[in-house]
1. Springs between alpha-carbon atoms under 10 Å, Gaussian network over the chain: tell me which of 139, 113, 179 tops the mean-square fluctuations.
2. In nanometres, what is the gap between the two model label sites at residue 60 and residue 113, each 7 Å from Cα along Cα-to-Cβ?
3. Which value, in debye to the nearest 20, describes the size of the charge dipole of the chain about its Cα centre when Lys and Arg Cβ atoms bear +1, Asp and Glu Cβ atoms bear -1, and nothing else is charged?
4. For the charge dipole of the chain, defined by +1 on Lys and Arg C-beta atoms and -1 on Asp and Glu C-beta atoms about the Cα centroid, which residue among 134, 45, 144 has the Cα displaced farthest towards the positive pole?
5. What length, rounded to one decimal in nm, is gained on full extension from residue 211 through to residue 249, with 0.36 nm per residue of separation minus their alpha-carbon distance?
6. Would you mind telling me which residue in 143, 151, 201 has the biggest mean-square fluctuation in a Gaussian network model of the chain, where springs connect alpha carbons within a distance under 10 angstrom?
7. Share of Cα-Cα pairs in region 115-195 beyond 14 Å, in percent?
8. Sort 4, 110 so that the residue with the fewest other Cβ atoms within 10 Å of its own Cβ comes first and the one with the most comes last.
Amino acid sequence: MQGKAFQVAIIGAGLGGLCLAQGLKKHGIAFAVFERDAALDSRSQGYRIRINGDGQAALRRCLAPELFALFEASCGAELNAPRALDGQLNGAAKCNDAWRSEESGPVDYKANRHTLREVLMCGIAEHVHFDKELRGVVRHGSDGVSFDFADGSAYRADLLVGADGSNSRVAAQCFPAMRGLDADAVCIYGKADVADLAIADALRGGTSVVFDSQLAMVIDPMRFSPAGGRALSPVEDYLYWALIGSRRRLGIAAGMMTGEADARRCIA
């Protein structure tokens, strides 16, 4: 008699968890994904994310060819080559030279984060369970792991994967000695309507990174073509921006910022 199929459970339906799920499906391995949010779009989860050559190769390995093609078609158009600028929007030679020396492989793709999650959900939606807030984890040695959720449901699997972010509940319970490292840096990001925004024309033609002392600002126009028909939600063009700097440069003490309201106060 054939033995029970090996079962993988994934906590977290973010980009990493869903990409792993697609890879398991591609290789015929049973899986289930559990996500504490009520739905895929129940909260804001960022905007633009750049996918470099390593990320593209990982997606190609995990996704079926038609899904990888959908991912490519859903990405924002790359306009002019990325540029490094100083505070007066002049070319920053040192930064540009450093970028060129590190360039290798394909050009980065510019994905809209929620759209990429929709791509990664294609074909596996019945295996992704929402509104599942992890409560407890019990390891059973060679007999796998069991865990339960705040709604009273429970599950058992041969392997548990924590893909639930930097504040992972899986890691906190299974590896309590591990802690994240504070890099003493802050990133504040957002998006704006490209058409209505009063910015220099030099910043509308492609990815720009403006450098100052202990501070950088990324400005990236995101322009999309329709892709995927009903499989993907339409996305309006927007201008992505991110302000990255040391806590001292931005005047933000450790633990000071707790949410979007704090970010708005910081940049007001």
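1. Of 139, 113, 179, the Gaussian network model singles out 179 as fluctuating most.
2. Computed distance between label sites residue 60 and residue 113 equals 2.6 nm.
3. 420
4. 144
5. The residue 211-residue 249 span can extend by a further 12.4 nm.
6. Evaluated over the chain, the most mobile residue of the options is 201.
7. Roughly 76 percent, once rounded to a whole number.
8. 4, 110
Rule-based calculations on the coordinates, nothing more; no lab input. All values reported here derive from a predicted model rather than from experimental measurement. For neighbour counting, all protein chains shown are included, and Cβ atoms are generated from backbone atoms with ideal geometry for every residue, glycine included.
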